[in-house]
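No lab work stands behind these numbers, since they all come straight from the coordinates. What you see is a predicted model; the values in this text were computed from it and never measured. Note that we place each Cβ from the backbone using ideal geometry, even for glycine, and neighbour counts take in every protein chain shown.
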Amino acid sequence: MLFYSFFKTLVGQPVVVELKNDLSIAGVLVSVDQFLNIKLDDIRVTDEKRFPHMMSVKNCFIRGSVVRYVQLPSAAVDTALLQDATRRENSAEK
Amino acid sequence: MTDGAIAEPLDLVRLSLDERIYVKMRGDRELKGRLHAYDQHMNLVLSDVDETITVVDVNEETFEERIRTVKRSHEMMFVRGDGVILVSPPGRT
Amino acid sequence: MEETNTAKKTPSDFLGAAIGGRVVVRLNSGVEYRGVLACLDGYMNIAMEHTEEYVGGDLKNKYGDAFIRGNNVLYIAASK
């Protein structure tokens, strides 16, 4: 639940989602669900030479399991708050 | 206990919060960055990350293998846990 | 159950006895980790100390402490 809540705070932010097949998609985070599936708007593929078939795509849904990384704008992340939430979550479970 | 009670493996990761950690990933990738969040799947949030990707190039004619490393950096990133192999807290040999 | 018969041990008994001792952890990728087993959980997540990483039999890295995600583990062997 921690990362679901975390991503909900990032809705509206510009992110880059890097997939396990090396495709990187930059876009605005529209929504996220409990599986960390992600919806992006205004997308742009960073390496269009390698992935020309994505050029006309404007928005997309990404299955959570194919994500390797999500690059985030650091200004949008309160690290102190995140660490507190992490400590709370990992002590509440036991 | 020598360094805070480690009763289960995840405690090692908990004690590394706000520290620079080393992460070994699938696909010959390594990350070094400051840990801000984790969960039981090893999903992570890291900042000031240095990523090293090891690539093996094979020469098509001689079949010689050349090992090359690609470096990237990320100011803030989420790492999906299923790609994680190993996490090591900061140097303390 | 036969609580006194030490010959009938479960995998959990084996792992319990291995804690605190030297072990070899082999991953699906073939990489091996040699060190002291600090603890482990039901997913076979592992915490190790004084860990040495061997790739193809060659020492490649050393870690003071290491957390290994359980899904990568092929086996855990107790060593002397």
Using the crude model of +1 on Lys and Arg Cβ and -1 on Asp and Glu Cβ, and no other charge, please compute the dipole size for chain A relative to its Cα centre, in debye to 20.
180 debye
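For segment A:1-93, compute Rg over Rh where Rg is the Cα radius of gyration and Rh is the Kirkwood radius from the inverse mean 1/r over Cα pairs.
Details: Rg = 14.4 Å, Rh = 14.1 Å.
Using only Cα positions, Rg/Rh for segment A:1-93 is 1.02.
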What does the charge count near residue B:37 come to, summing +1 for each Lys or Arg and -1 for each Asp or Glu among other residues with Cβ under 12 Å from its Cβ?
-1
Could you compute the net charge surrounding residue A:24? Neighbours are other residues with a C-beta less than 9 Å from the C-beta of residue A:24; K and R count +1, D and E count -1.
-3
How do A:69, B:38, C:75, C:54 rank when sorted from fewest to most other Cβ atoms within 10 Å of their own Cβ?
C:75, C:54, A:69, B:38
Sorting B:67, A:43 on the 10 Å Cβ count, fewest up front, what's the list?
B:67, A:43
Please identify the longest segment of chain C free of exposed GluC sites (Glu not before Pro), where exposed means a DSSP state other than H, G, I, E or B and no more than 11 other Cβ atoms within 10 Å.
C:4-80
For residue A:31, residues with placed amide H under 5 Å, excluding near neighbours
A:39
What's the center-to-center distance, using Cα atoms, between segment B:64-93 and segment C:28-80 in Å?
17 Å
Return a whole-number percent for the relative contact order of segment B:9-86, with Cα pairs under 8 Å and 6 or more residues apart as the contact set.
29 percent
To the nearest whole number, what is the average tally of beta carbon atoms from other chains within 10 Å of the beta carbons of peptide A:56-68?
2
Positive-end residue of A:28, A:55, A:7, charge dipole of segment A:1-93 with Cβ unit charges:
A:55
Which pairs break 25 Å Cα to Cα here: A:20/A:49; C:9/C:60; A:58/B:32; A:49/B:71; A:20/B:71?
C:9/C:60; A:58/B:32
Once the Cβ-Cβ distance between residue B:52 and residue C:9 is put in as r, and R0 is 41 Å, what FRET efficiency do you end up with, to the nearest 0.05?
0.45
Can you put B:47, B:88 in order of Cβ neighbours within 10 angstrom, beginning with the fewest?
B:47, B:88
How tilted is helix A:79-92 with respect to the longest principal axis of chain A? Cα atoms for both, answer in degrees (0 to 90, nearest 10).
60 degrees
Using only the Cα atoms, work out Rg/Rh for chain B, with Rh taken as the Kirkwood radius, to two decimals.
1.09
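Show that you can apply the helix-only estimate: for the protein assembly as shown, add -39,500 (n - 2.57) for every DSSP H stretch of four or more residues, divide by all residues, and state [θ] at 222 nm to the nearest 500. Intermediate results must be reported in sequence, preceding the final value.
Values: 4 runs with 35 residues, N = 267.
Value at 222 nm, helices only: -3500 deg cm²/dmol.
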Calculate the tail of P(r) for segment C:11-78: the fraction of all Cα-Cα distances greater than 15 Å, expressed in %.
44 percent
Chain C: relative contact order in percent, alpha carbon pairs under 8 Å with at least 6 residues between
30 percent
Add +1 for every Lys or Arg and -1 for every Asp or Glu among the other residues with Cβ under 15 Å from the Cβ of residue A:78, and state the total.
+1
Past the 26 angstrom mark, what percentage of all C-alpha to C-alpha distances in the protein assembly as shown do you count?
48 percent
